[in-house]
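Contents: one structure, followed by commentary.
The values are calculated or read from the model by the stated rules, or taken from the named source; none is laboratory data. Bear in mind the structure is a predicted one, so any value in this text is a computation, not a measurement. Reconstructed Cβ throughout: ideal geometry from the backbone, glycine too, with neighbour counts over all protein chains shown. With ligands, DNA and RNA removed, areas are computed over all heavy atoms of the protein, side chains included. Shrake-Rupley method; radii C 1.70, N 1.55, O 1.52, S 1.80 Å.
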Amino acid sequence: MFRHQQFFGCLGALAATAAIVGALPLAAPAAHAADGPFPELVGTWNGSGVAKFDGGRTESLRCKGYYTNTGGPHSLGISIRCANASAKVELRANLVDAGGSVTGSWEERTYNQSGSVTGRAFANKLNLSISGGIAGSMLVTVNRGSHSVAVLTSGPSLKGINISMSR
């Protein structure tokens, strides 16, 4: 039987990181925008998604994201809340973009998970790796007022999430 605490602990970490990371295409570092990838994500986002579990089981999610850049255009603060009928997740992340190289930290507050983020930022995508309470990868793609987050994890039950958000 699936444990919601384990699922949402993993989901929170992934979603926060994903939302945090959410914006830039895989290309050469030369494609990196002069102001970095983060300014386009700043603001409030709403959306939905699907969590995928071991054995092919899925669960729907409703999400709200808040992105800030109080540290300037090369930093991004992320707060994402996702929920369904049985649980909720509250993810937070802080990312820094230094010439296309992204580093930072994430935490899931409901289930007390945390870790680090590393990866690359491109013109409209983020390609990230997450570690800590769980390990995995995240791809965030931004496209004119919307963005998507795809996360893969090697977690014991949660295998991935796909979220689409818009303003």
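Hey, among the residues in the stretch 63-103 that are without any contact (Cβ under 8 Å) to a residue 60 or more places away in the chain and basic (Lys, Arg), which one's surrounded by the fewest Cβ atoms within 10 Å (Cβ to Cβ)? Out of the qualifying residues, it is LYS64.
The lone criterion from (1) over 16 Å from PHE38 (Cβ atoms); (2) modelled with pLDDT under 85; (3) part of a strand (DSSP E or B); (4) not hydroxyl-bearing (Ser, Thr, Tyr) left unmet by ILE80 is number (1). Within the stretch 155-162, does at least one residue satisfy the condition of being open to solvent by 50 Å² or more (accessible area, probe 1.4 Å) and modelled with pLDDT under 85? Within the stretch 155-162, one or more residues are open to solvent by 50 Å² or more (accessible area, probe 1.4 Å) and modelled with pLDDT under 85. The residues of the stretch 34-60 that are open to solvent by less than 40 Å² (accessible area, probe 1.4 Å) and either at pLDDT below 90 or more than 14 Å from the chain's Cα centre (by Cα) (or both), listed by number, are GLY36, PRO37, PHE38, LEU41, GLY43, GLY49, ALA51, PHE53, GLU59.
Matching residues to (1) farther than 13 Å from PHE38 by Cα; (2) within 13 Å of the chain's Cα centre (by Cα):
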residue	(1), (2)
VAL89	yes, yes
VAL140	no, yes
SER146	yes, no
ILE163	yes, yes
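Looking only at residues of the stretch 125-146 that are at pLDDT below 85 and not in a strand (DSSP E or B), we find that the one that is farthest from LYS159 (Cα to Cα) is ARG144. Determine if the stretch 143-150 includes at least one residue that is over 21 Å from LYS64 (Cβ atoms) and open to solvent by less than 10 Å² (accessible area, probe 1.4 Å). Taking every residue of the stretch 143-150 in turn, none turns out to be over 21 Å from LYS64 (Cβ atoms) and open to solvent by less than 10 Å² (accessible area, probe 1.4 Å).
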